[in-house]
Ligand SMILES: Cc1cc2nc3c(=O)[nH]c(=O)nc-3n(C[C@H](O)[C@H](O)[C@H](O)COP(=O)(O)OP(=O)(O)OC[C@H]3O[C@@H](n4cnc5c(N)ncnc54)[C@H](O)[C@@H]3O)c2cc1C
């Protein structure tokens, strides 16, 4: 390396060189643990700032919740999970065996602690505070996708036109309107219109007579999650990263000037490490003071359809999301509080089938494939965990719960900035992993 190159590298890393006391010329080598949307986006934006990145993934790219999700990039719906209505809804739902929420009634101290903490935050005041944090990032979330697109990530984001939120009738729609009102009052821009059932069917003829009222949201987008994550991994690799699959990380430790990543097949040293292990975040991050995450498992499958919906369809009462993915429709739903490594429970998949059946014509529900369960990494306060940990060299990137696809790229972009400049961008402050 020439002294000029060295100078350029030092310039790009100037703040961490001072703040983290990086003295080494290779002080830009960063390990990213976890090959989901959040880890890969962080890797990409780190590369954008000149870092050399190695991604460790215990299985394969997209093995976690970044694979089978609904793929919505919907700032209008990206809100904190703990809110007053969720509490009442959740309590009613767990009493009903066909409900879209499943809570195992067994002694799991960790889970009950999480649920109590969550319930305590289901207040209007807490929701407003969390929503203010979301408004800041929601406004920029799609721009981060546009940067990825302009920078060579080949998978597209698609305009969701129309994006229809469907209800049995206007009574059932009331709760949603109250929520949209609150989101607007929080400062989030939302452009929407109200439709009756016939108007909704004119826009999307696959909707059945059971849809009696709808909200049409404008300005939302969606992706094909497996295709997008694959393309993002391809771009990260093409820009020179090493992606190590089947390489579980067992431990990360801070030696004071470097980080040691203890992975299957050996130890590796880096200048910094990012923990982006989704619902498994606690395993590596707890020792660095990061707040816990709880798996909120969701189910999805794909079905052939006689006629494809013209855009995504959301059934909030049933908690079901439908997304057109090429020649098949992905149907996703359910919130099941169990360990992320437990096997798929076919009863939960069936609950999603039963929930969607009345509302859409022409779904070949017996021919469903890609039946999948994945874990939303949920936090008690509904806010992500993105930023520096108790170690100045170890960073958390997780806890995005319901919204890691919509927000993953922006989180990655902001975290890369924090790592490289040593300054936490203001938008990340509410997501402090040590809060
Ligand atoms: C049914 C469903 C629908 C959803 N729909 C949407 C949606 O429409 N829009 C939206 O924004 N979000 C949605 N989500 C949420 C979204 O999927 C998640 O928030 C997001 O995928 C989290 O990404 P991640 O990269 O943090 O985690 P993951 O994608 O789970 O990635 C973590 C990775 O880390 C790996 N890993 C774990 N431990 C280790 C280790 N020790 N060593 C190495 N690797 C490790 C895992 O194998 C995994 O690949 C949905 C979720 C579900 C379940």
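We did not get these values from a lab; they are worked out from the coordinates using the rules stated. Because the structure is predicted, anything quoted here is derived from the model rather than measured. Counting neighbours? That spans all protein chains shown, and the Cβs are built from the backbone with ideal geometry, glycine included.
Centroid-to-centroid, using Cα positions, segment 177-224 and segment 295-327 are 15 Å apart. For the chain, the longest principal axis of the alpha carbon atoms and the long axis of helix 84-95 meet at an angle near 70°.
Where does the chain land at 222 nm, in deg cm²/dmol rounded to the nearest 500, when only DSSP H runs of n ≥ 4 count, each adding -39500 (n - 2.57), divided by all residues? Spell out each step's value before the answer.
On the way: 12 runs with 150 residues, N = 435.
Calculated from helices alone, the mean residue ellipticity at 222 nm is -11000 deg cm²/dmol.
For the chain, find the longest principal axis of its Cα atoms and tell me its angle to the long axis of helix 170-185, 0 to 90°, nearest 10. Helix 170-185 and the main axis of the chain meet at about 30 degrees.
Assuming R0 = 22 Å, can you tell me the calculated FRET efficiency for the pair residue 124 and residue 184, based on Cβ-Cβ distance, to the nearest 0.05? Efficiency for this residue pair is about 0.90. Sorting 308, 37 by the number of Cβ atoms found within 10 Å of their own Cβ, with the fewest placed first, yields 308, 37.
In this structure, residue 170 and residue 143 have a Cβ-Cβ separation that, at R0 = 35 Å, corresponds to a calculated FRET efficiency of about 0.50. For the chain, a Gaussian network of Cα nodes joined below 10 Å ranks 70, 235, 295 by mean-square fluctuation, and the top entry is 235. Scattering from the C-alpha atoms of segment 317-392 alone, worked out with Debye: what is log10 I(q)/I(0) at q = 0.19 1/Å? Treating every Cα as an identical point scatterer, log10 I(q)/I(0) equals -0.91. A convex hull fitted around the alpha carbon atoms of segment 277-333 yields 113 Å³ per residue.
Over the chain, what is the relative contact order in whole percent, taking alpha-carbon pairs under 8 Å and six or more residues apart?
Details: 950 pairs, mean separation 113.0, N = 435.
So the answer I get is 26 percent.
Highest GNM mean-square fluctuation, the chain, Cα pairs closer than 10 Å: which of 368, 28, 393? The residue with the greatest mean-square fluctuation here is 368.
When the Gaussian network model of the chain links Cα atoms closer than 10 Å, the mean-square fluctuations of 324, 425, 80 top out at 425.
Computed from label points 7 Å out along Cα-Cβ, the spacing between residue 135 and residue 59 is 3.9 nm.
Using just the alpha carbons, could you tell me how many Å³ per residue the convex hull of the chain encloses?
Values: hull volume 57.9 nm³, N = 435.
With only Cα atoms used, the chain gives 133 Å³ per residue.
Just to verify a number: FRET efficiency for residue 109 and residue 246, C-beta to C-beta distance, R0 = 41 Å, to 0.05?
Working: r = 33 Å, r/R0 = 0.80.
Plugging the Cβ-Cβ distance into 1/(1 + (r/R0)^6) gives 0.80.
Taking Cα atoms only, the orientation of helix 109-120 departs from the longest principal axis of the chain by about 70 degrees.
Cα extents for segment 145-241 along the principal axes, largest to smallest and rounded to whole angstrom: 54, 34, 16.
Listed from fewest to most Cβ neighbours within 10 Å, the set 403, 372, 112 follows the order 112, 372, 403.
Counting 0.36 nm for each residue step from residue 366 to residue 286 and taking away their Cα separation leaves a gain of 24.5 nm.
Of the residues 297, 423, the one with the fewest other Cβ atoms within 10 Å heads the list, and the complete ranking is 423, 297. For the pair residue 421 and residue 341, the difference between a 0.36 nm per residue extended length and the Cα-Cα distance amounts to 25.2 nm.
The calculated pair-distance distribution of segment 48-193 uses every alpha carbon pair, bins of 10 angstrom beginning at 0, and gives 8, 26, 35, 23, 7, 0 percent.
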